[in-house]
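Nothing in this text is a laboratory measurement; each read-out follows from the coordinates by a stated rule. This one's a predicted model, so the numbers in the text were calculated from it and none came from an experiment. Backbone-built Cβ (ideal geometry, glycine too); neighbour counts: all protein chains shown.
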Ligand code: CDP
């Protein structure tokens, strides 16, 4: 079966099901999956590790020129690997401190410009499913398909808590996680540059009561008819 090159943008707030859906969808479409949030997380890690104050534009420019982020697609069922200047940081970037700091540094325009440039480059020659906050609005306004996933804050907190348990990350209660998610959503959706918002032409999907399989099937069903020639 012949498939034309496509770009699928999946945006939405934290723990709305973007990454899991995007990952499985990419597999079904036989294309690469890029978690744009992981890139902001890698930048946050680099700045913290090197004690660089991102408010200092001169230091930040230098830092951005030194940051090399590679996304190594998984083989089989595994996760993509995030390589920061040659080091596998896939696990480290999921630490709660990085989660919070990534949303702080994501407000900075120099950082966003650099990430958008890298993200667009990745889609130049291949089909891609990318998830994030500004993929359908800023990175790929011309994407073939745009989805905006939402879910209730309680359900999102439950999912993140469960994920943390499985990954052995932190000891926060669902209630603490709920407050953190709400805080980060607010910061992400009220920032001046590329705020989290639904693109006008994005299809909104509420995943609160959907299983992963159901949400993947729903999105794949929408794409399928148009791409299989
Ligand atoms: O997995 P989770 O939803 O918790 O977060 P993430 O997707 O890994 O993103 C971490 C942070 O990066 C977000 O809170 C955003 O502030 C920022 N981000 C962004 O600004 N733009 C994107 N395209 C992706 C993430």
Out of (1) part of a loop (DSSP other than H, G, I, E, B); (2) within 10 Å of the ligand (Cβ to nearest atom), what's the single condition that is false for residue 102? (1)
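For every residue, the table says whether it meets (1) more than 10 Å from the ligand (Cβ to nearest atom); (2) under 25 Å from residue 206 (Cβ atoms); (3) assigned to a helix (DSSP H, G or I); (4) free of Cβ contacts under 8 Å to residues at least 40 places away in the same chain.
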{"residue": "111", "(1), (2), (3), (4)": "no, no, yes, no"}
{"residue": "115", "(1), (2), (3), (4)": "no, no, yes, no"}
{"residue": "126", "(1), (2), (3), (4)": "yes, no, no, no"}
{"residue": "131", "(1), (2), (3), (4)": "no, yes, no, no"}
{"residue": "166", "(1), (2), (3), (4)": "yes, yes, yes, yes"}
Are any of the residues in the range 176-183 within 15 Å of the ligand (Cβ to nearest atom) and buried (at least 19 other Cβ atoms within 10 Å of the Cβ)? yes
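Yes/no per residue for (1) over 17 Å from residue 20 (Cα atoms); (2) touching a strand residue (DSSP E or B) at 6+ places or on another chain (Cβ under 7 Å); (3) surrounded by 20 or more Cβ atoms within 10 Å (Cβ to Cβ):
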| site | (1), (2), (3) |
| --- | --- |
| 91 | no, no, no |
| 97 | yes, no, no |
| 146 | no, yes, yes |
| 150 | no, yes, no |
| 154 | yes, no, no |
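Using the structure shown, decide if residue 35 is surrounded by fewer than 16 Cβ atoms within 10 Å (Cβ to Cβ), within 16 Å of the ligand (Cβ to nearest atom) and within 19 Å of the chain's Cα centre (by Cα). Talk me through it step by step, then tell me what you get.
Details: surrounded by fewer than 16 Cβ atoms within 10 Å (Cβ to Cβ): no; within 16 Å of the ligand (Cβ to nearest atom): yes; within 19 Å of the chain's Cα centre (by Cα): yes.
So residue 35 does not fit the description; no.
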